[in-house]
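Before any comments, here is the structure.
The values are calculated or read from the model by the stated rules, or taken from the named source; none is laboratory data. Keep in mind the model is a prediction, meaning the values are calculated, not measured. We place every Cβ from the backbone using ideal geometry, glycine too, and count neighbours over all the protein chains shown.
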């Protein structure tokens, strides 16, 4: 579903004009749609149901994409599990009403403290990513008198054909266990008294627009599962990760969940193992936007700059990945409507942070006035989750729209909070 539509008061999310959000909560501000979040989760559930797999599958939302408690709570209510990468994310899931027995714990550097907390909470599975981690987890489990449920995250050396920073399935990646070493490590895991081998995990990257690499990885994973079964190591579940991409550009096609999952689900037909998926971006990315206001228009000889009140500390993806986000005017209802419409020209949309890399969009053709509201689209994933206080800037507010209602789900920070944990020298 489309996140925004044009109403009589300008651009709106569901039935709420964005101008009203800005008036009530200020800018910059993240705005999410409950209906869009629900629809995105439903697309995965419906795809699994269409293949007769709904009863033996678990959709584990990747918390790192957006960890706001309200969003986690919504997915928990919908029946989701959760894919976490830290003890902090586990605490968030539990605080939001998620249940530990639907949590899978990924990540290459789990600490012993995090392992112990996850064991005591009773999580579904650890996705183990190295031989050293396996041994450490066995020791920690023994120290608390438990058996740790594990999968090995197997690296199939498949090129996801995505940005190198978010490609995780090649042999050069820090993630996972090398495919050629996985069989022997499974045998070692099966021999450890405080390890319970439960499944296999594979995640080759993020923002995947072509299902072929994920299907290729699934083939390699299934071959290993069958080899393990022949050796007496029967797995209970197969976790094929996440990674399905979303539409960032208006002219960029993105797969629907049913089409993306279909090649993988066809390969899983008739198998007895439970299925696990770990979608993140595809559940929240297009369900949120960043609302910002134009503070300064600064024409130049070669480039024209629109300085907005959001910055790289609010949305890091453009600076980090040179990522594209569509940027549109909110239109009627904002404070600039009484001013003369500016001439349309190509603008650099930049923030006030003191870095040349502080940009939100290059070469955007817009007719702008100072005071105009802009919506930076497709910002629901890796937006607020990656935000910082760089330049001592308070992080933005977050608002959930539900029909014609607005709910503040994270208040804006104030400056005093930023240095409250700090002390001066005696």
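Assess whether residue 65 counts as being within 26 Å of residue 313 (Cβ to Cβ), in the same structural domain as residue 263 (by TED's automatic domain parsing) and touching a residue at least 12 places away in the same chain (Cβ under 8 Å). Break it down into steps so the answer makes sense when it comes.
Values: within 26 Å of residue 313 (Cβ to Cβ): yes; in the same structural domain as residue 263 (by TED's automatic domain parsing): yes; touching a residue at least 12 places away in the same chain (Cβ under 8 Å): yes.
The answer is yes for residue 65.
Go through 62, 54, 40 for me and flag whichever is surrounded by fewer than 21 Cβ atoms within 10 Å (Cβ to Cβ), under 26 Å from residue 98 (Cα atoms) and in contact with a helix residue (DSSP H, G or I) (Cβ under 9 Å, 6 or more places away or on another chain). Steps first, please.
Working: 62 fails: surrounded by fewer than 21 Cβ atoms within 10 Å (Cβ to Cβ); 40 fails: surrounded by fewer than 21 Cβ atoms within 10 Å (Cβ to Cβ).
Sole residue among the options that is surrounded by fewer than 21 Cβ atoms within 10 Å (Cβ to Cβ), under 26 Å from residue 98 (Cα atoms) and in contact with a helix residue (DSSP H, G or I) (Cβ under 9 Å, 6 or more places away or on another chain): 54.
Output the residues belonging to the range 218-233 that are closer than 19 Å to residue 276 by Cα and without any contact (Cβ under 8 Å) to a residue 40 or more places away in the chain.
223, 226, 229
On the given criteria, is residue 75 without any contact (Cβ under 8 Å) to a residue 24 or more places away in the chain, surrounded by 18 or more Cβ atoms within 10 Å (Cβ to Cβ) and either touching a strand residue (DSSP E or B) at 6+ places or on another chain (Cβ under 7 Å) or closer than 17 Å to residue 237 by Cα (or both)? Steps first, please.
Working: without any contact (Cβ under 8 Å) to a residue 24 or more places away in the chain: no; surrounded by 18 or more Cβ atoms within 10 Å (Cβ to Cβ): yes; either touching a strand residue (DSSP E or B) at 6+ places or on another chain (Cβ under 7 Å) or closer than 17 Å to residue 237 by Cα (or both): yes.
Against the criterion (without any contact (Cβ under 8 Å) to a residue 24 or more places away in the chain, surrounded by 18 or more Cβ atoms within 10 Å (Cβ to Cβ) and either touching a strand residue (DSSP E or B) at 6+ places or on another chain (Cβ under 7 Å) or closer than 17 Å to residue 237 by Cα (or both)), residue 75 does not qualify.
Just for strands (runs of 3 or more DSSP E) wholly inside the range 88-172: which have at least 1 residues that are at pLDDT below 95 and in the same structural domain as residue 77 (by TED's automatic domain parsing)? Let's see the steps before the verdict.
Numbers: elements: 103-105, 125-128, 148-155.
The strands (runs of 3 or more DSSP E) meeting that bar are 148-155.
Scan the strands (runs of 3 or more DSSP E) fully inside the range 201-305 and keep the ones with 3 or more residues being surrounded by fewer than 24 Cβ atoms within 10 Å (Cβ to Cβ). Walk me through it before giving the result.
Numbers: elements: 237-239, 274-277, 288-298.
Correct list: 288-298.
Among the residues in the range 333-343, are any exposed (fewer than 14 other Cβ atoms within 10 Å of the Cβ), at pLDDT 95 or above and over 18 Å from residue 28 (Cβ atoms)? Can you show your working first?
If we filter the range 333-343 for residues that are exposed (fewer than 14 other Cβ atoms within 10 Å of the Cβ), which is where we start, we get 338-341, 343.
Filter once more, keeping what is at pLDDT 95 or above: none.
The answer is no, given that none of the residues of the range 333-343 is exposed (fewer than 14 other Cβ atoms within 10 Å of the Cβ), at pLDDT 95 or above and over 18 Å from residue 28 (Cβ atoms).
With respect to residue 323, is the statement that it is in contact with a helix residue (DSSP H, G or I) (Cβ under 9 Å, 6 or more places away or on another chain), crowded, with 17+ Cβ neighbours inside 10 Å and assigned to a loop (DSSP other than H, G, I, E, B) true?
For residue 323, the condition - in contact with a helix residue (DSSP H, G or I) (Cβ under 9 Å, 6 or more places away or on another chain), crowded, with 17+ Cβ neighbours inside 10 Å and assigned to a loop (DSSP other than H, G, I, E, B) - is met.
Among the numbered criteria (1) modelled with pLDDT of 95 or more; (2) more than 23 Å from the chain's Cα centre (by Cα); (3) over 13 Å from residue 399 (Cβ atoms); (4) assigned to a helix (DSSP H, G or I), which single criterion is violated by residue 11?
For residue 11, the failing item is (4).
Strands (runs of 3 or more DSSP E) wholly in the range 355-426 with at least 3 residues that are under 23 Å from residue 294 (Cβ atoms) - which ones? Before you say what the answer is, go through the steps one by one.
Values: elements: 359-367, 373-376, 397-402, 405-410.
Hits in the range 355-426: 359-367, 373-376, 397-402.
On the given criteria, is residue 256 free of Cβ contacts under 8 Å to residues at least 40 places away in the same chain and more than 21 Å from residue 83 (Cβ to Cβ)?
no
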